[in-house]
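Below: the structure, in structure tokens.
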Amino acid sequence: YTIAGMETGMYAFLAHPDLCLNHYPAFDAAAERCLRRLCEAAVRTNMPLEYNLLGETRRILENRTTDLGYTRPEFWQIAADYPVKALVSCDAHLVESLDAVPRIGEVKAQLRGMGIEVLDSLPGLE
């Protein structure tokens, strides 16, 4: 359904592209195939993928030791195999989530170091 939605052309970017891994028992071959299809669709539709800092921020704010399922490094390692575009956000449902803002520059540099093009704004929304 996600890929079908991407193909409609109605969306500016794909939020939480790795959210399908949320509570997924283990990163396996099936997950990798799914994520590769998602990256192929992102390239085909020219749709940027969001690197979402909320999972990391919530782990810190809630003093969690368990992974919330996103943002997953396995996804971005796969994404680096494709000419995808990314944008970084902090998904600020709570004002405390804005604490992630200083990390945005660090994450952008990390993604660029992986060969992923990072956007500072969305095309058509400048």
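The values are calculated or read from the model by the stated rules, or taken from the named source; none is laboratory data. A quick note: this is a predicted structure, and the numbers were derived from the prediction, not measured. Heads up, the Cβs are rebuilt from the backbone with ideal geometry, glycines too, and the neighbour counts pull from every protein chain shown. These accessible areas exclude ligands, DNA and RNA; they are computed on the full protein's heavy atoms, side chains included. Shrake-Rupley method; radii C 1.70, N 1.55, O 1.52, S 1.80 Å.
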First in the range 32-56 and closer than 10 Å to Ile3 by Cα, second anywhere and of a type in the set (Gly, Ala, Ser), Cβ under 7 Å, 6 or more apart: Cys39/Ala79
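Considering the range 7-26 alone, what residues qualify as being open to solvent by 60 Å² or more (accessible area, probe 1.4 Å) and within 17 Å of Leu49 (Cβ to Cβ)? So that I can check it myself, show each step before the final result.
Of the residues in the range 7-26, the ones open to solvent by 60 Å² or more (accessible area, probe 1.4 Å) are 7-11, 13, 19-20, 23-25.
If the condition is that a residue be open to solvent by 60 Å² or more (accessible area, probe 1.4 Å) and within 17 Å of Leu49 (Cβ to Cβ), then Glu7, Thr8, Gly9, Met10, Tyr11, Phe13, Leu19, Cys20 are the ones that fit.
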Residues in the range 27-65 that are open to solvent by 50 Å² or more (accessible area, probe 1.4 Å) and either modelled with pLDDT of 90 or more or outside any helix (DSSP H, G or I) (or both): how many? 16
